[in-house]
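Q: Structure in structure tokens, see below.
The values are calculated or read from the model by the stated rules, or taken from the named source; none is laboratory data. None of the values given here were measured: they were computed from a predicted structure. Neighbour counts run over all protein chains shown; Cβ positions are idealised from the backbone, glycine included.
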Amino acid sequence: MNNPDFYVKYTNKGSLNPELTEKYKSIIEKHISLEGKNVIDIGCGDGRLAMYLSEFVSNWNGIDISPDAIKVARENIKSLNLEDKVAFEIGSFLDIPFDKKFDIIISSNSLHFEDDKSGAFENINRFLNDEGYVIFFEPTPSAKGWRSNKLNEDSEEFDKNTFRRKVERLNKSYNSIKSQDLFELVDEYMPSSISNNEGRQYFAILRKVK
Ligand SMILES: C[S@@+](CC[C@H](N)C(=O)[O-])C[C@H]1O[C@@H](n2cnc3c(N)ncnc32)[C@H](O)[C@@H]1O
């Protein structure tokens, strides 16, 4: 899944929902305070999470494999006057373009796109400070509520095989989080009633142990 043009349709300026700030903040701050932290967001898309959370941290970097997503993220941050604290670069789980380490690595709705999960975990570990935290949000399987109509069963474009592959990818993603041994799983949430709106996201919080 390395076609940047494919991903840009998942990013758009309309996705900002200020009510989500409190949700993300409370999930994260149950375990780690955001104050004073250096954060990197992998698969940042249009920079949505930076818009919700960067005001609480010391420094926010976002990276994405899609140059078009980074362009949109930069425009969004400029329009919100957050450029002092937030910066976006092209990069990926396997190519983190920095020579510094981070206190928190966050990734929302993106891990399931990366095929090389063990490479991703090794790289994340390398760029995380000792006892740093990793936070994954992922969608949960549902045949509605996706931006791509191929995944929405109420759409004429719904494609069973595309949906099946998405579910397989998501299951691989949850399993990779559970089965890796570089981090301790300190919190995890899988919604019991499956739906794909953002109140029903899976999340996992991991702490570096090696
Ligand atoms: C569904 S969007 C999520 C965007 C944003 N994190 C959010 O929650 O709104 C997935 C993003 O992951 C990016 N992506 C896909 N594969 C990636 C990889 N291997 N490394 C970094 N980013 C990747 C895509 O370009 C896309 O912007």
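Q: Answer yes or no: is there a residue in segment 107-126 that is touching a Cys at 6+ places or on another chain (Cβ under 9 Å) and within 17 Å of K208 (Cβ to Cβ).
A: Start the filter on segment 107-126 by keeping residues that are touching a Cys at 6+ places or on another chain (Cβ under 9 Å), which leaves 107-108, 110.
Cutting the leftovers down to within 17 Å of K208 (Cβ to Cβ) gives us 107.
Looking for residues that are touching a Cys at 6+ places or on another chain (Cβ under 9 Å) and within 17 Å of K208 (Cβ to Cβ), one finds at least one in segment 107-126, hence yes.
Q: Further question: Do you know which residues across segment 34-80 are charged (D, E, K, R), closer than 20 Å to D99 by Cα and within 13 Å of the ligand (Cβ to nearest atom)?
A: Step one: filter segment 34-80 for residues charged (D, E, K, R), giving 35, 37, 41, 46, 48, 55, 64, 68, 71, 74-75, 78.
Right, trim to closer than 20 Å to D99 by Cα and you get 37, 41, 64.
Hits for segment 34-80 are D41, D64.
Q: Of everything in segment 113-130 that's touching a residue at least 40 places away in the same chain (Cβ under 8 Å) and among the charged types (D, E, K, R), which residue is farthest from the ligand (Cβ to nearest atom)?
A: D130
Q: If you don't mind, there's one more thing I want to ask. Go through segment 55-93 and give me each residue that's of a type in the set (G, A, S), surrounded by fewer than 23 Cβ atoms within 10 Å (Cβ to Cβ) and under 17 Å from the mean Cα position of the chain (by Cα).
A: Here is the first cut: in segment 55-93, the residues of a type in the set (G, A, S) are 58, 62, 66, 69, 73, 79, 87, 91-92.
Subset that is surrounded by fewer than 23 Cβ atoms within 10 Å (Cβ to Cβ): 58, 79, 87, 91-92.
Residues satisfying the conditions are A87, G91, S92.
Q: Quick check on my filter: what residues within segment 99-121 are part of a loop (DSSP other than H, G, I, E, B) and within 15 Å of S58 (Cβ to Cβ)?
A: K100, K101
Q: If you check every pair at least six apart or on different chains, which have Cβ atoms under 6 Å apart with a residue in segment 85-112 that is without any contact (Cβ under 8 Å) to a residue 40 or more places away in the chain first and a residue that is more than 11 Å from the ligand (Cβ to nearest atom) and among the hydroxyl-bearing types (S, T, Y) second?
A: From residues that are without any contact (Cβ under 8 Å) to a residue 40 or more places away in the chain, the pairs are K85/S54; V86/S54.
Q: So which pairs qualify, if the first residue must be in segment 28-48 and on the phi > 0 side of the Ramachandran plot and without any contact (Cβ under 8 Å) to a residue 60 or more places away in the chain, the second must be basic (K, R) and within 16 Å of the ligand (Cβ to nearest atom), the Cβ gap must be under 9 Å, and the two must be at least 6 apart or on different chains?
A: Between residues of segment 28-48 that are on the phi > 0 side of the Ramachandran plot and without any contact (Cβ under 8 Å) to a residue 60 or more places away in the chain and residues that are basic (K, R) and within 16 Å of the ligand (Cβ to nearest atom), the close pairs are G47/R74.
Q: Report, by residue number, each residue of segment 60-74 that is closer than 13 Å to G91 by Cα and touching a residue at least 60 places away in the same chain (Cβ under 8 Å).
A: Within segment 60-74, I65, S66, P67, D68, A69 meet the criteria.
Q: Also, I was wondering about something else. What is the number of the single condition among (1) more than 15 Å from the chain's Cα centre (by Cα); (2) away from the ligand (no atom under 13 Å from the Cβ) that Y133 does not meet?
A: The single condition Y133 does not satisfy is (1).
Q: While we're on this one: Of all residues being among the polar types (S, T, N, Q) and more than 23 Å from F163 (Cβ to Cβ) in segment 107-151, which is surrounded by the fewest Cβ atoms within 10 Å (Cβ to Cβ)? Just the residue, please. Walk me through it before giving the result.
A: To start, the set of residues in segment 107-151 that are among the polar types (S, T, N, Q) comprises 107-110, 118, 123, 125, 129, 140, 142, 148-149.
With the extra rule that they be more than 23 Å from F163 (Cβ to Cβ), the set shrinks to 118, 123, 125, 129.
Numbers: S118: 11, N123: 19, N125: 18, N129: 15.
Among residues in segment 107-151 that are among the polar types (S, T, N, Q) and more than 23 Å from F163 (Cβ to Cβ), the one surrounded by the fewest Cβ atoms within 10 Å (Cβ to Cβ) is S118.
Q: Return the residue satisfying two criteria in turn: it lies in segment 128-147 and is over 22 Å from Y24 (Cα atoms) and in a loop (DSSP other than H, G, I, E, B), and of such residues it is modelled with the highest pLDDT.
A: Taking segment 128-147 first, the residues over 22 Å from Y24 (Cα atoms) are 130, 143-144.
Narrowing further to those that are in a loop (DSSP other than H, G, I, E, B): 143-144.
Numbers: A143: 71, K144: 78.
Within segment 128-147, the match that is modelled with the highest pLDDT is K144.
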